[in-house]
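All remarks here apply to the structure that follows.
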Amino acid sequence: MQWLAVLVAPFVGSFLGVLVRRLPRGEPVGWTRSACETCARPLGAGDLLPIVSFLALRGRCRTCRAPIGGFHLAIELAAVGVALAAVALTPESQRVWTGCVLGWWLLALAWIDAEHMLLPDALTLPLILAGLGVAWLDDPVTVPDHALGAAAGYAAFRVVGAVYARLRGRDGLGEGDAKLLAAGGAWVGWQPLADLVLMAALSALAVGLGVALYRRRFQRDRALPFGPFLAVALWLIWVWQAWSSMLADRSG
Ligand SMILES: [Zn+2]
């Protein structure tokens with residue numbers, strides 16, 4: 001059953017593409033893109049098969065031949081990558097779909113943050129509720145730990161953000177990052193939050209240094225979005241927790 005997630009993934013990726021394009025512009029989000037972005041020709045069912053249509057049309061619009069751009073293909077492939085990772089890394093088949101949903105949700109958030117330095121409330125706030133809901137379904141006793149995680153995650157980043165803004169005179173950690181860390185606490189509880197932040201910060205530092213070396217100079221004013229690093233760290237810690245709880249169940 002878990003391989004079904006890999007088959008569904010391109011369609012989810014296609015929807016995520018629409019979400020990533022339209023949500024930051026405040027446009028209504030439909031289930032599919034409806035028209036060519038260049039000539040506005042309405043797209044038919046044959047244009048909307050994820051990955052397959054792109055390859056069949058060789059990446060061009062059927063009517064105006066404008067290049068469709070790799071964006072939709074890239075996010076569809078990324079969604080497949082998330083599903084493959086969830087199937088490969090999640091220890092129990094009943095958790096694979098949870099891992100996929102969390103991964104796809106974080107993929108949309110990370111992508112929007114990378115492009116726009118923005119983590120929309122429309123995605124972060126429901127992710128907090130979803131994390132608490134999953135904790136309740138999993139084991140109602142753990143809900144207070146997860147609620148505390150959400151509150152602590154939000155508060156910690158708001159404090160750090162305020163101190164940073166006072167010291168540097170500009171925003172470094174946005175409110176969106178605080179809401180994403182709140183979602184992190186809701187999903188994994190308060191216990192691993194410090195590890196989550198450390199993991200995200202170290203990987204952001206490594207990538208920032210890599211980018212700076214590549215360009216051979218530091219661009220101090222060019223801030224790196226933190227959301228993608230938080231997203232990856234959150235997903236990996238969720239997987240790690242799934243393994244630990246499975247091993248605990250087996251030995252106990
Ligand atoms: Zn066109």
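The values are calculated or read from the model by the stated rules, or taken from the named source; none is laboratory data. From a predicted model like this one, the values you see are computed outputs, not experimental measurements. Here Cβ is always computed from backbone atoms with ideal geometry, including for glycine, and neighbour counts include all displayed protein chains.
Figures for the structure shown
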quantity: Hits in the stretch 120-144 - residues which are over 18 Å from Val82 (Cβ atoms) and either among the small types (Gly, Ala, Ser) or not in a helix (DSSP H, G or I) (or both); calculated: Pro120, Ala122, Gly133, Ala135, Asp139
quantity: Any hit, the stretch 98-113, residues being in a helix (DSSP H, G or I), polar (S, T, N, Q) and under 21 Å from the mean Cα position of the chain (by Cα); calculated: yes
quantity: Matching option when the condition is of a type outside the set (Phe, Trp, Tyr), out of contact with any helix residue (DSSP H, G or I) (no Cβ under 8 Å at 6 or more places or on another chain) and either within 20 Å of Pro228 (Cα to Cα) or within 15 Å of the ligand (Cβ to nearest atom) (or both), among Arg62, Arg58, Arg33; calculated: Arg58
quantity: Search result, residues across the stretch 1-58 that are assigned to a helix (DSSP H, G or I), more than 20 Å from the chain's Cα centre (by Cα) and of a type outside the set (Phe, Trp, Tyr); calculated: Leu4, Ala45, Gly46, Asp47, Val52, Ser53, Leu55, Ala56
quantity: Any pair with Cβ under 6 angstrom, 6 or more apart, that starts in the stretch 186-204 at a residue that is among the hydroxyl-bearing types (Ser, Thr, Tyr) and ends at one that is surrounded by 14 or more Cβ atoms within 10 Å (Cβ to Cβ) and in a helix (DSSP H, G or I); calculated: Ser203/Phe229
quantity: Given (1) β-branched (Val, Ile, Thr); (2) loosely packed, with under 13 Cβ neighbours inside 10 Å; (3) modelled with pLDDT of 95 or more, index of the condition Val134 fails; calculated: (2)
quantity: Subset of the stretch 36-55 that is away from the ligand (no atom under 12 Å from the Cβ) and of a type in the set (Gly, Ala, Ser) - its residue that is farthest from Val80 (Cα to Cα); calculated: Gly44
quantity: Count of the stretch 65-75 residues which are assigned to a loop (DSSP other than H, G, I, E, B), under 21 Å from Val20 (Cβ atoms) and within 14 Å of the ligand (Cβ to nearest atom); calculated: 3
quantity: Residue check for Gly81: in the same structural domain as Phe15 (by TED's automatic domain parsing) and either loosely packed, with under 14 Cβ neighbours inside 10 Å or among the β-branched types (Val, Ile, Thr) (or both); calculated: no
quantity: Flag if Ile75 is in the same structural domain as Gly26 (by TED's automatic domain parsing) and closer than 30 Å to Arg25 by Cβ; calculated: yes
quantity: Test: residue in the stretch 156-169 that is assigned to a loop (DSSP other than H, G, I, E, B), at pLDDT 90 or above and in contact with a helix residue (DSSP H, G or I) (Cβ under 8 Å, 6 or more places away or on another chain); calculated: no
quantity: Residue among Ala147, Ala156, Ala152 that alone is in contact (Cβ under 8 Å) with a residue 12 or more places away in the chain, under 21 Å from Ile237 (Cβ atoms) and in contact with a Gly (Cβ under 7 Å, 6 or more places away or on another chain); calculated: Ala152
quantity: Residue list for the stretch 141-194, filter: crowded, with 18+ Cβ neighbours inside 10 Å, among the aromatic types (Phe, Trp, Tyr) and under 24 Å from Leu224 (Cα atoms); calculated: Tyr154, Phe157
quantity: Subset of the stretch 178-219 (residues that are at pLDDT below 95 and either in contact with a helix residue (DSSP H, G or I) (Cβ under 6 Å, 6 or more places away or on another chain) or outside any helix (DSSP H, G or I) (or both)); calculated: Ala204, Arg216, Arg217, Phe218, Gln219
quantity: Out of Ala155, Ala204, sole residue that is within 23 Å of Trp111 (Cβ to Cβ) and out of contact with any Pro (no Cβ under 6 Å at 6 or more places or on another chain); calculated: Ala204
